[in-house]
Structures are given as C-alpha cells and as structure tokens.
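A short write-up of the structure that comes next.
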Amino acid sequence: MKKTGLFYGVSTKKTALIGKEIQEAFGEDKADIVSVEEAGKNEFERYDNLIVGASTWFDGELPSYWDELLPELDSLKLKGKKVAIFGLGDQEGYPENFVDGIGLLADFFESAGAQVVGLTSTEGYTFEGSRALRDGKFLGLALDQENQSDKTSARIADWVKQLKKEFA
C-alpha cells in the first residue's frame, strides 16, 4: 500500500481514540499518525494517501485546530492524492448538521485537487441534514459516539477494509 498519513487532533479525546482504532485496523499496512495541531503543508504533501478526521463542533463547525490550519494549507497541491475522511457527530443532539465537519473537510481537500474516497452509506443513522452528504452517501465515515458507540468498531473495520482497496 502507498504511504498513508492519518491526520487528526490528538488533543481531542474521542477523535484521538477513533484515530488510534483506525490505525490499529490497518494492521501491517500501517498509517502514520500526524497531529493536526502540529502539522503543516509539508506533512500533507509527504503522503500519497491521506486520512483526515475531526469532530463536528457546535452547529456544524470544525474544531479550532482545523480552522487555524486550513488557511495555511490554501496553496496545497494534492492532485493525484486520495483523501478519506472520518468524522464524529451527534445525530440526536445536532440532527440538522450531523457530521458537517466531513463535508467541510471534503470541500477543502477537493479544492486542493485530492480525490475523496471512502464514501459510506447513511443506513442506520437518523438525522435531518448534513453537509457531509453527496448523492445519498456520506463523504466519509460518520461516527456517533454519543448514541451509537456500540457500532463504531464494526464501522471502522468495514471502512478500513474498503480503504485498503481504494488506496491500492
């Protein structure tokens, strides 16, 4: 498998736990963990495949570490790279903008030339709206640790299996 970087906020507890579980699911095809809080343009350009993750904060916002980093990455050239996105949200507490962070990150990375992979089904979720939707699918792995934590491990395992094929 091509060199893969796994980018997320290591200082945010739930996102960090999910990131580590995704890394473990990759097994020997290991993805390198890169702290978004310390990442810069060079780290994103170093990898062939990117996995990026974030929780959706408040009413559909990215965490502050992504908000601070994205303007610095405006000149990224990611043509030919693949990016997979995972996001955490609360479909009961914030049903109008469930995992909006996935959609925000997808828009950014697509504008930098990357191809978004790892789309997943909306089956099994109940929400009203999301910027993470395109053609009836999530633009990445949607996780709800507040209401469906019992489904997380299986969703991660299925997604990583899918990514191994898409990243090849």
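Compute for the chain: radius of gyration divided by Kirkwood radius, i.e. Rg/Rh, restricted to C-alpha atoms, rounded to two decimals.
For the chain, the value is 0.92.
If you average 1/r over every pair of different alpha-carbon atoms in segment 1-78 and take one over that average, what Kirkwood value in Å do you get?
Radius from the Kirkwood sum: 13.0 Å.
Taking R0 as 41 Å, what's the FRET efficiency between ASP29 and THR126 from their Cβ-Cβ distance, rounded to 0.05?
0.75
Per-residue ellipticity at 222 nm for the chain, helices alone: DSSP H runs ≥ 4 residues times -39500 (n - 2.57), over residue total, nearest 500 deg cm²/dmol?
Here the helix-only value at 222 nm equals -9500 deg cm²/dmol.
Find, among the trypsin sites (Lys or Arg not before Pro) in segment 1-68, those assigned to loop by DSSP (not H, G, I, E, B) with at most 16 other beta-carbon atoms within 10 angstrom.
Here the trypsin sites (Lys or Arg not before Pro) that fit, given the DSSP loop and packing criteria, are LYS2, LYS3, LYS30, ARG46.
Roughly speaking, what is the centre-to-centre gap between segment 35-85 and segment 106-141 when only Cα atoms are used, to the nearest Å?
When both Cα centres are located, 15 Å separates them.
Hand me the chymotrypsin sites (Phe, Trp or Tyr not before Pro) from segment 57-102 located in a DSSP loop with no more than 16 other Cβ atoms within 10 Å, in residue order please.
Taking segment 57-102 and a limit of 16 other Cβ atoms within 10 Å, the loop chymotrypsin sites (Phe, Trp or Tyr not before Pro) found are PHE58.
Antiparallel DSSP bridges in the chain: what percent, to the nearest 5?
For the chain, the DSSP antiparallel bridge percentage is about 20.
If I stretch the segment between GLU68 and GLN162 completely, what's the gain in nm (0.36 nm per residue apart, minus their alpha carbon distance), one decimal?
Taking GLU68 through GLN162 to full extension adds about 30.8 nm, to one decimal.
Looking at segment 54-115, which trypsin sites (Lys or Arg not before Pro) are DSSP coil and have at most 16 other C-beta atoms within 10 Å of their C-beta?
LYS77, LYS79
Among LYS81/LYS137; LYS2/LYS165; LYS13/LYS77, which pairs are too far apart, with a Cα-Cα distance over 23 Å?
LYS13/LYS77, as the Cα separations exceed 23 Å there.
Every number here is computed from the coordinates shown, using simple stated rules; none is lab data. If you're wondering where the values come from, they're calculated on a predicted model, not measured in any experiment. All Cβ positions, glycine included, derive from the backbone under ideal geometry; neighbour counts span all protein chains shown.
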